[in-house]
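Have a look at the structure below before the remarks.
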């Protein structure tokens, strides 16, 4: 009886691995690897790859530039409504993708809450490439913000206080002390946000549509090609599996890489100035 639970746990692990791994293996087993790679040269796959790269890189830059100082403020300051603010920022994590798309359309669509203001400024946001960027930022930014807040909160406050005591400005404390110390966590959050952005489907198709070469990203291309060219859909799916696995592996390796990196506090350096 004493060995019953370990055996049961091992069986549970085997079932979980089998259920999750078999479908992924099937993506690569259905079509020979050479033919799978060749299908990525299809016009639909190539256009979707370019759209995905362009929109994801722009969205990632926006998430990092805006999200990093925002997360630092939330991690280092206590003020009324802070918990509610963090909850609102994390809400897209649990929203159904369709609700996210409807929300974006209701806010920024031509007949939306801010649609008239945008139209008056000559901006027609919905069903454009910029709409893809907005959808990606909406669903992926919470992954970065949540990790960034936790990373900044974990920074040794004595080092931050020491920098302030030496006369460092708030920006210098942020850029020369907090940012390097939180770098591994921020990088992990950025990688997770990019992985989530790369797989975004629901909000994008509702707010931006699926126009080949304009708003059709890789996940949308999989859906579009499912009935017309299943091999292309499989090839794009395989590409997404490989990229997602590489991103997750990178996230796993970041802490060990960071632990062997050089400390930002070198001998003779000072955060003041």
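Values quoted throughout were computed directly from the atomic coordinates according to the rules given, and no laboratory measurement underlies them. Note that the coordinates shown come from a computational prediction; the quantities given were computed from them, not determined experimentally. A quick note on method: Cβ atoms are made from the backbone with ideal geometry, for glycine too, and the neighbour counts reach across all protein chains shown.
In terms of surrounding Cβ atoms within a 10 Å radius of their Cβ, 136, 205 rank from fewest to most as 205, 136. Here 54, 252 are placed in order of increasing Cβ neighbour count within 10 Å, fewest first, which gives 252, 54. With both labels modelled 7 Å from their Cα along Cα-to-Cβ, the residue 157 to residue 37 distance reads 5.4 nm.
Rounded to two decimals, what ratio of Rg to Rh does region 68-177 give with C-alpha atoms and a Kirkwood Rh? Across region 68-177, the Cα-based Rg/Rh ratio is 1.12. Taking other C-beta atoms within 10 Å as the exposure proxy, 86, 149 rank 86, 149 from fewest upward.
Projected over all directions and averaged, the alpha-carbon convex hull of the chain occupies 21.6 nm². Evaluated on region 42-88, the Kirkwood hydrodynamic radius is 13.1 Å, with distances taken between all distinct Cα atoms. Taking every C-alpha pair closer than 8 Å and separated by at least 6 residues, the mean separation divided by the residue count of the chain gives a relative contact order of 28 percent. Values of log10 I(q)/I(0) for region 1-123 across q = 0.10 Å⁻¹ run -0.73, by the Debye formula with one identical scatterer at each alpha carbon and no solvent.
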